[in-house]
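Chemist: Take this structure, written in structure tokens, and hold onto it; I'll ask about it next.
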């Protein structure tokens, strides 16, 4: 094999590896509703409301992913910089939040907490930034999307799923369902 051909193979391999990484940043194809449902429905999140964003310098706080409202989704991205810790909270719901300005119209501000909203199809998203500039929130809004299939395991890795009801042995089989608390000796 010639040196130029082996160099081309190495370059192509590196390019393919970079393309694989780009999918995590949202460059890949969106996951299907069924793929999302396998992860979201056990947690009580409607698959059509599952959306994510990409924020430069911020990482998803997987423990923050959960239900918002009836069946919406919430997730937070946390970043550290010279100004300290900043967070971007994303909430996706079926209904718009009239109290939030459209993200495209969010003015620069020195407020410690900023809020804005956007719509993706039938999904209404509110972004709330704490310790971040308005430009960060506007960029996060531009990047809101349905996650790729390769992102779902990470996105839902720490989601709390409710288990079956706890069986109690002290509830009577009839009556009002109050625990049996008969008086004992001395009382």
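Chemist: For the stretch 104-118, name all the residues that are within 13 Å of residue 135 (Cα to Cα) and under 18 Å from the mean Cα position of the chain (by Cα).
Modeler: 115, 116
Chemist: Now a separate question. Tell me, yes or no, whether the stretch 73-93 has at least one residue that is in a loop (DSSP other than H, G, I, E, B), out of contact with any strand residue (DSSP E or B) (no Cβ under 7 Å at 6 or more places or on another chain) and over 15 Å from residue 45 (Cβ atoms).
Modeler: yes
Chemist: Answer yes if at least one residue in the stretch 62-71 is touching a strand residue (DSSP E or B) at 6+ places or on another chain (Cβ under 7 Å), buried (at least 20 other Cβ atoms within 10 Å of the Cβ) and not in a strand (DSSP E or B), and no otherwise.
Modeler: Looking through the stretch 62-71, none of the residues is touching a strand residue (DSSP E or B) at 6+ places or on another chain (Cβ under 7 Å), buried (at least 20 other Cβ atoms within 10 Å of the Cβ) and not in a strand (DSSP E or B).
Chemist: Here's a follow-up. I'd like to know if the stretch 152-160 contains one or more residues that are surrounded by 13 or more Cβ atoms within 10 Å (Cβ to Cβ), at pLDDT below 95 and in contact with a helix residue (DSSP H, G or I) (Cβ under 6 Å, 6 or more places away or on another chain).
Modeler: Yes - at least one qualifying residue is present in the stretch 152-160.
Chemist: Another one. Among residues belonging to the stretch 77-95 that are within 19 Å of residue 66 (Cα to Cα) and out of contact with any helix residue (DSSP H, G or I) (no Cβ under 8 Å at 6 or more places or on another chain), point out the one that is surrounded by the most Cβ atoms within 10 Å (Cβ to Cβ).
Modeler: Ranking the candidates gives 91 first.
Chemist: Considering only residues of the stretch 23-51 that are in contact with a helix residue (DSSP H, G or I) (Cβ under 9 Å, 6 or more places away or on another chain) and assigned to a loop (DSSP other than H, G, I, E, B), which is modelled with the lowest pLDDT?
Modeler: So, considering only residues that are in contact with a helix residue (DSSP H, G or I) (Cβ under 9 Å, 6 or more places away or on another chain) and assigned to a loop (DSSP other than H, G, I, E, B), the one modelled with the lowest pLDDT is 28.
Chemist: Let me ask you something else. If you scan the stretch 47-57, which residues turn out to be buried (at least 17 other Cβ atoms within 10 Å of the Cβ) and touching a residue at least 40 places away in the same chain (Cβ under 8 Å)?
Modeler: Residues satisfying the conditions are 48, 49, 50, 51, 52, 53, 54, 55.
Chemist: For the stretch 96-115: of the residues being touching a helix residue (DSSP H, G or I) at 6+ places or on another chain (Cβ under 7 Å) and assigned to a loop (DSSP other than H, G, I, E, B), which is surrounded by the most Cβ atoms within 10 Å (Cβ to Cβ)?
Modeler: Filtering the stretch 96-115 for residues that are touching a helix residue (DSSP H, G or I) at 6+ places or on another chain (Cβ under 7 Å) and assigned to a loop (DSSP other than H, G, I, E, B), the one surrounded by the most Cβ atoms within 10 Å (Cβ to Cβ) comes out as 106.
Chemist: Which residues, counting only those in the stretch 116-150, are more than 28 Å from residue 39 (Cα to Cα) and in a strand (DSSP E or B)?
Modeler: Answer for the stretch 116-150, where residues must be more than 28 Å from residue 39 (Cα to Cα) and in a strand (DSSP E or B): just 130.
Chemist: In addition: Under 9 Å between Cβ atoms, at least 6 apart or on separate chains: pull out the pairs that start in the stretch 103-131 with a residue that is on the phi > 0 side of the Ramachandran plot and end on any residue that is part of a strand (DSSP E or B) and surrounded by fewer than 16 Cβ atoms within 10 Å (Cβ to Cβ).
Modeler: Note: pairs meeting the criteria are 131/81; 131/84; 131/85; 131/113.
The values are calculated or read from the model by the stated rules, or taken from the named source; none is laboratory data. Not measured: the values here are computed from a predicted model. Using ideal geometry, Cβ is built from the backbone for each residue, glycine included, and neighbour counts are taken over all protein chains shown.
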